[in-house]
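Shown next, in structure tokens, is the structure this report addresses.
Just so you know, all these numbers are worked out from the coordinates, no wet-lab data involved. Worth saying up front: this structure is predicted, and the values here are computed from it rather than measured. Neighbour counts run over all protein chains shown; Cβ positions are idealised from the backbone, glycine included.
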Amino acid sequence: MTMADQTVSNPYADAWQHYWDAGWRGVLPLPYRAKTWPPDGFTGHGGVDPSYADCMTWADSGPRNLALRVPPDVIGLDVDAYADKPGEQTLSKLVAEYGPLPATWLSTSRGDGISGIRLYRVPAGTTLPTKLPGIELIQRHHRYVTAWPSVHPEGRVYQWVDEATGEIGCEVPPYERIPDLPAEWITGLAIEAAHQEKADLTGEQAAGIFAGFPTGEPCGHITTAAGKAASRGDRHDVYNETVLAVCRHARNGCPGGQETLLRLRAMFIAEVTGDRSRTASEAQAEWMRNLTGALALVAEQPQGAECAEDWSMYDIPVALEVPEPEQAAESEQPTEADPMQSAIRRKAAELMIVEEARALLARRKAHEAPPLGGEQLTSFLAQPDEVIAYRVDRLWTTNGRVLLAAAAKAGKTTMMTNLLGCLADGGAFLNTFDTQPVDPGRSIVYLNLEVSGNQMRRWLRRAGIRNTDAVHVVNLRGQLSALTLASEDGRTRVSGWLRDLGAQVVILDPLAPLLASLGLDENSNTDIATFFAWWSEALFDAGVADDIVCHHAGHYAGRSRGASRLMDEPDALWTITRDQAVDEDDDDIYAGHEPRFFKATGRDVEQPEQPLTFDPDTGLLELGSGNRKAMRAEAMRRQAHQRVLARIDEGATSTRDIIKNNGNEKQNAMALEELVLEGILRRQDLGPGRPTLYQRALGVATVATVAKESLETVATGGVASLYIGDTPSDTPASPGQKCRSCGDTLEHAATVYCPECAHRRTQGEDL
């Protein structure tokens, strides 16, 4: 159908079927010759598309305009280029930066060739900024498209323009033929949104503008603007427009702006919490975003001195009150002849409400389900890859949660003090991973639930943090009742406290005491889910970007203790483990100096297990090299060295006496050979049929010294050389002074292999 064929006596009745046949499902009615408001329940985040029967009913209910609620994969670019609106300039700027737009269909009631709503397809679920200077982005959750053959309040008829052909009054655009918005534009609009966010008002600036609004009885301008709040439609959109209108008049000098905004706030919270669509904290946060955005838009507007017109003569009532249930006077109560029938009717009404509520809930759940769309691989691969940002490089993504699971006394709190320094000052965490410090004016809040205040003070003083003002230490051992997370009011209190501290990162160390104080069981998946729901709500309302929760490891050192749900909550899991290994005689191979290991896994996080070294003077941890298997092998090798040297110091000289009845014979035999290669022992071959004798080389350290050095080597993750070239000159020379493997001349006594061959042999090569 073309514009020439149209009638406008009832736009919705005349055209809804054409849109339905073209693939559009969100075909909604509007009041005739008006741009607002569609029926409740069909717009906003919770709205659903109407059924065919809904459309038929609306078509039969009198003259109405027609609007399209776009599908999840379609947006509308609404450009306003009339009067003093800068839509054309903004559009030209975007085209210059991100490239030309494909030809599409334009819905407009103006003939300037620029103003109107252009339709484009985007990946389902794409969320873009709603406002740019002179341009608004129509999205499924935000607004709708007023379309042909609707009649503008000024009498103009909306029409479709086909940009590909230039045809005005073309047919309804087919949903399947809407062109794709270029990927460069999707990325670019996100950049524009980021720029806008950076330009948003601070809380202090917004409060200053609000405080400057004139007080007193609301004038007619204010009252008329506020009356929009009683309109039907999506509550978010209604209040967005209402609050902005009130702010503009108040900025112009109209009295009553402050009082009216406070009343609107109460109305909004009452409405959106009354239907349980939002919690009180969610409603409060949404309201503040709405108000701050409106104040930002009027910030550049000159401050008016007084109301531009005296409205008092019009006797406009100020009836902006928080809605409350009305109760008729006793004298007005109808009499009921049959009390039983009255009770039946009341019960029937209650049941009808329940059924309606169930139906509404079902529709919302169906709407919230992810779309079953998909796309061709060509367009999928054409989209730019998301740039992954990290709070700690390769370990902790921004806007993410970390769970640190550590064995008892493994260095959990030490690692957190190290992390505090990097978050405050910058630098490399574990001397390896670059760290993004908190923003200027923001802070790290460290909730210490385990260590005494005195102990924590000593550890943090040793850490040498420079930017101490950026760290807030909260010692809560024995005072966990202060973290009131179990109630909505309590969470609001906690989030307000964190917000006052400027918290950007929060560290909770450890989790178990807090769970106990809240009456939650760490072994219950339900309780863990409950805690993190409370915790996340408090942090979100406080504007906290990142958090880390510390917990003790279970019997299996590679995971946290407690319910499996703990492993599902974090974006990254860090673990600190100790290697408590024993030999065949159940002796600790590390002699009480067990090495610590660090590992990280998660979304865009993959750090293999590596040892940690610790500097007791600075309290700093460092990520070492090697792995658990190599360090165990090195520890057992060093242990065998000590056994062999101890036997020689006890007077044993023959191979048999040294390696027998003293631990693993195979390891002892290898150790004996290595000690000769290292120049620590010298070997005397007495000839065929006679035992080979061993004794210490002159000037070599005692077994106690060697044992100490060996333990230090293992503890730091190092591997000492098996060849030592500094041996006393008076020791006998090796037989023939030639390397047993390659035949090179040996420079040192008491050796049988050159340095290169000795190294190869210790690495397991067959010489």
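Pairs of alpha-carbon atoms within less than 8 angstrom and 6+ residues apart define the contacts here; what relative contact order does the stretch 392-624 have, in percent?
Computed value for the stretch 392-624: 28 percent relative contact order.
Percent of Cα-Cα pairs per 5 Å bin, from 0 to the last occupied bin, for the stretch 392-624, please list those.
That works out to 1, 6, 14, 19, 21, 17, 12, 6, 2, 1, 1, 0, in percent per bin.
Taking neighbour counts of Cβ atoms within 10 Å as a proxy for exposure, in what order, fewest first, do 93, 412 appear?
93, 412
Determine, for 546, 568, 541, the number of other Cβ atoms within 10 Å of each Cβ, and report the residues in order from fewest to most.
568, 541, 546
Give me the dipole magnitude in Debye, nearest 20, for the stretch 58-112 about the Cα centre, with unit charges on the beta carbon: positive for Lys and Arg, negative for Asp and Glu. If you can, show how the numbers build up before the last one.
Working: 5 positive and 8 negative charges, 23 e Å.
In debye, rounded to 20, the stretch 58-112 gives about 100.
Under a Cβ-only charge scheme (Lys and Arg +1, Asp and Glu -1), can you give me the dipole magnitude of the stretch 3-197 about the Cα centre, in debye to the nearest 20?
360
Sorted by packing (mean other beta-carbon atoms within 10 Å per residue), highest first, where do 42-50, 618-626 land? Numbers along the way, then the final one.
Values: 42-50: 20.2, 618-626: 17.4.
Going from most to least packed, we get 42-50, 618-626.
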